[in-house]
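For reference, the structure discussed in these notes is given below.
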Amino acid sequence: MSAKMKKEFFPGISKIQFEGPRSRNPLAFKHYNPEEVVDGKTMRDHLRFSVTYWHSIRGQLADMFGSGTAVRPWEDGTNSMKMAETRVRVAFEFIDKLGAPFYAFHDRDVAPEGASLRETNANLDRIVRILKEEQQRTGVRLLWGTACLFAHPRFVHGAATSCNADVFAYAAAQVKKAIEVTHLLGGEGYVFWGGREGYSTLWNTDIKRELEHLAKFLHMAVAHRKSIGFKGQFYIEPKPKEPTKHQYDSDAAACLNFLREFGLKDHLKLNLETNHATLAGHTMQHEMEVAIAADALGSIDANTGDLLLGWDTDQFPTNVYLTTEMMLGILKMGGFSTGGTNFDAKVRRESFEPVDLFHAHIGGMDAFARGLKIASAIRKDGRLAGFVKSRYSSWDTGIGADIEKGKVGFKQLEAYMLKKGDITPNTSGRQEFLENLINEFI
């Protein structure tokens with residue numbers, strides 16, 4: 001093993017262990033026991049945790065009012081290739097010590113841009129070789145890759161929806177390369193996030209043309225995936241705004257409508273994020289249920305927002321009600337197949353020491369472990385599902401079943417109601433009862 005491999009970037013921190021709820025060790029799991037079996041699968045396989053390269057490794061904790069506060073002893077203040085190589089070693093030491101089975105990255109997170117696309121691709125290839133070495137050394141896998149089509153000034157008007165055809169072409173070349181390196185690294189999926197695919201004003205925007213261009217772009221990506229034999233799942237990640245005034249992938253329903261309209265529904269699923277859901281005026285539970293109903297939920301980004309702040313704060317999730325709601329949805333759909341629980345979250349600007357990265361991930365992983373166990377218990381109890389089934393029981397027989405089977409129309413339904421005369425509400429919604437029921441488990 002080389003000297004570089006032996007160097008510790010998080011000295012004094014051993015591999016995080018499960019110590020149980022009585023432990024007072026801040027660097028131990030209280031609830032996440034990767035080997036514990038819940039509903040026939042280990043927690044590791046249920047939750048499929050992933051660490052994000054952009055926040056945990058590249059994030060400097062800057063905000064719109066101040067420069068970064070992160071204390072990262074390994075950083076040399078440059079974006080050189082030497083620094084990029086060091087960051088790979090940092091990332092895999094952190095992920096390995098944390099015990100997360102996956103990671104995720106943007107192409108520009110791991111390798112800097114060069115003076116040309118050719119040089120940029122060469123930089124990426126060089127770092128990908130090291131990523132592959134570290135994956136083999138640690139057993140950590142790539143959950144999904146993606147391309148950064150929003151940070152560079154060339155994407156000021158968007159990427160696939162840009163008013164400039166050359167920008168569309170550049171974005172296509174960049175995504176082509178990003179899909180290829182994701183495939184090379186054994187990635188289980190690839191995410192499209194339209195960071196600037198939207199508009200700031202309608203006075204200069206042709207929505208119809210931009211949406212058609214976005215669809216063409218995605219069809220090209222699907223064709224390229226097939227041509228190289230990449231079997232990973234494609235995802236779209238909804239977000240309503242920020243940085244644009246309106247993004248075309250604004251929420252789950254908008255994404256599904258877009259996919260259906262342009263014949264892409266069979267090729268992409270959704271990667272949903274809590275903070276994006278709340279910015280869209282929804283709960284994460286709502287967004288998940290919309291996606292699950294369409295058989296389109298593929299993966300989740302695990303974070304939360306501050307409801308008192310109007311932007312994407314990307315905080316680590318510690319609310320057990322939230323994680324319980326999310327895990328009820330995941331268990332309802334039969335669990336993840338290619339997706340996972342990706343910590344698209346960053347420590348607070350005031351939490352600037354390296355150890356804070358561990359505290360944050362441990363807390364999020366424990367919160368999801370509790371959510372998983374609680375959701376499993378609620379499902380085994382059966383009262384919640386039983387109530388919902390009873391509430392819709394009029395659709396299981398008689399006129400309800402005939403409506404669902406398409407056996408009747410307005411004429412028959414009119415005759416049915418003329419004979420019946422009138423109706424009264426058949427049961428209370430029992431919202432308070434159900435909220436109390438959930439509280440029994442939490």
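The values are calculated or read from the model by the stated rules, or taken from the named source; none is laboratory data. Remember, it's a predicted structure, so these values are computed and weren't measured experimentally. Positions of Cβ are generated from backbone atoms using ideal geometry, with glycine treated the same way; all protein chains shown enter the neighbour counts. The accessibility values were calculated without ligands, DNA or RNA, using every heavy atom of the protein model including side chains. Shrake-Rupley method; radii C 1.70, N 1.55, O 1.52, S 1.80 Å.
Suppose the filter is in contact with a Pro (Cβ under 8 Å, 6 or more places away or on another chain), among the aliphatic types (A, V, I, L, M), open to solvent by less than 60 Å² (accessible area, probe 1.4 Å) and modelled with pLDDT of 95 or more; does A252 pass it? If you could, list the steps in order and put the result at the bottom.
Working: in contact with a Pro (Cβ under 8 Å, 6 or more places away or on another chain): yes; among the aliphatic types (A, V, I, L, M): yes; open to solvent by less than 60 Å² (accessible area, probe 1.4 Å): yes; modelled with pLDDT of 95 or more: yes.
So A252 fits the description; yes.
Give me the pairs, please: first residue somewhere in the stretch 350-361 and under 11 Å from L98 (Cα atoms) and touching a residue at least 60 places away in the same chain (Cβ under 8 Å), second residue anywhere and among the small types (G, A, S) and open to solvent by 30 Å² or more (accessible area, probe 1.4 Å), beta-carbon distance under 8 Å, and either six or more positions apart or on two chains.
Pairs found: H359/S351.
Anything in the stretch 308-354 that is among the charged types (D, E, K, R) and more than 15 Å from the chain's Cα centre (by Cα)? List them, or say none.
E325, K332, R348, R349, E350, E353
Does the stretch 395-417 include one or more residues that are assigned to a loop (DSSP other than H, G, I, E, B) and open to solvent by less than 50 Å² (accessible area, probe 1.4 Å)? Break it down stepwise before answering.
At the first step, the residues of the stretch 395-417 found to be assigned to a loop (DSSP other than H, G, I, E, B) are 396-397, 405-409.
Next cut, open to solvent by less than 50 Å² (accessible area, probe 1.4 Å) only: 408-409.
Checked against the condition, which is being assigned to a loop (DSSP other than H, G, I, E, B) and open to solvent by less than 50 Å² (accessible area, probe 1.4 Å), the stretch 395-417 yields at least one hit.
Within the stretch 1-60, work out how many residues are more than 15 Å from L98 (Cβ to Cβ), part of a helix (DSSP H, G or I) and among the basic types (K, R).
Number of matching residues: 2.
The rows are residues; the columns are (1) outside any helix (DSSP H, G or I); (2) open to solvent by 60 Å² or more (accessible area, probe 1.4 Å); (3) free of Cβ contacts under 8 Å to residues at least 12 places away in the same chain.
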{"site": "R126", "(1), (2), (3)": "no, yes, no"}
{"site": "I130", "(1), (2), (3)": "no, no, no"}
{"site": "E134", "(1), (2), (3)": "no, no, no"}
{"site": "A159", "(1), (2), (3)": "yes, no, no"}
{"site": "Y170", "(1), (2), (3)": "no, no, no"}
{"site": "V181", "(1), (2), (3)": "no, no, no"}
{"site": "G186", "(1), (2), (3)": "yes, no, no"}
{"site": "V191", "(1), (2), (3)": "yes, no, no"}
{"site": "L211", "(1), (2), (3)": "no, no, no"}
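Criterion first (buried (at least 17 other Cβ atoms within 10 Å of the Cβ), β-branched (V, I, T) and in contact (Cβ under 8 Å) with a residue 40 or more places away in the chain) does T278 satisfy it?
Numbers: buried (at least 17 other Cβ atoms within 10 Å of the Cβ): yes; β-branched (V, I, T): yes; in contact (Cβ under 8 Å) with a residue 40 or more places away in the chain: no.
It is false that T278 is buried (at least 17 other Cβ atoms within 10 Å of the Cβ), β-branched (V, I, T) and in contact (Cβ under 8 Å) with a residue 40 or more places away in the chain.
Taking the stretch 221-246 as the region of interest, how many residues are open to solvent by less than 40 Å² (accessible area, probe 1.4 Å) and within 17 Å of N275 (Cβ to Cβ)?
7
Filter the stretch 260-275 down to residues that are open to solvent by less than 10 Å² (accessible area, probe 1.4 Å) and not polar (S, T, N, Q), then give me how many there are. Quick ask: steps written out before the conclusion?
Of the residues in the stretch 260-275, the ones open to solvent by less than 10 Å² (accessible area, probe 1.4 Å) are 264, 268, 270-275.
Filter again for not polar (S, T, N, Q), leaving 264, 268, 270, 272-273.
Of the residues in the stretch 260-275, 5 are open to solvent by less than 10 Å² (accessible area, probe 1.4 Å) and not polar (S, T, N, Q).
Given the conditions (1) under 26 Å from F352 (Cβ atoms); (2) open to solvent by 20 Å² or more (accessible area, probe 1.4 Å); (3) touching a Pro at 6+ places or on another chain (Cβ under 8 Å), and given that T42 satisfies all but one, which numbered condition is not satisfied?
Failing condition for T42: (1).
If you check G195 against the conditions, is it crowded, with 17+ Cβ neighbours inside 10 Å and under 20 Å from A254 (Cα atoms)? Quick ask: steps written out before the conclusion?
On the way: crowded, with 17+ Cβ neighbours inside 10 Å: yes; under 20 Å from A254 (Cα atoms): yes.
It is true that G195 is crowded, with 17+ Cβ neighbours inside 10 Å and under 20 Å from A254 (Cα atoms).
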